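Note sheet for the following structure.
The values are calculated or read from the model by the stated rules, or taken from the named source; none is laboratory data. The structure displayed is predicted, hence computed values, not measured ones. Neighbour counts are summed over all protein chains in view; Cβ atoms, including those assigned to glycine, are modelled from backbone coordinates with ideal geometry.
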Amino acid sequence: MADPVATTTPDGVDFGWVMQVTFVVTILVGAPLVALLSTTVELSTWGARANFAIRVGAPIWLTTNVAAYLYAKYKREDAADDEQPDSAESTATDDE
């Protein structure tokens, strides 16, 4: 089996994961939403269609990105809290 090209161990939020989730969720949820909203607007030219997709798609992407980041940060903080012991008594070793 080939060795991995690169590995990462992020100390904080894994931004690669955030961007991947943003991409997938925006396509699965945002694209149909933009298509649905486009039925209420007159889009007679390709320029108007592209302009509409950017004006409506950008806020959807930004909202999705911020939500994914906050979720990752929240989950990271929960995982860090679970790893830390509550008191010094819980760190006793088996040597005692």
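Overview of values
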item	result
Residues (among the polar types (S, T, N, Q), touching a helix residue (DSSP H, G or I) at 6+ places or on another chain (Cβ under 8 Å) and over 30 Å from Glu77 (Cβ atoms)) located in the stretch 1-60	Ser38
Residue match in the stretch 72-82 (condition: at pLDDT 85 or above, part of a helix (DSSP H, G or I) and surrounded by 13 or more Cβ atoms within 10 Å (Cβ to Cβ))	yes
Residue count for the stretch 24-51, restricted to those that are in a helix (DSSP H, G or I), surrounded by 10 or more Cβ atoms within 10 Å (Cβ to Cβ) and over 24 Å from the mean Cα position of the chain (by Cα)	5
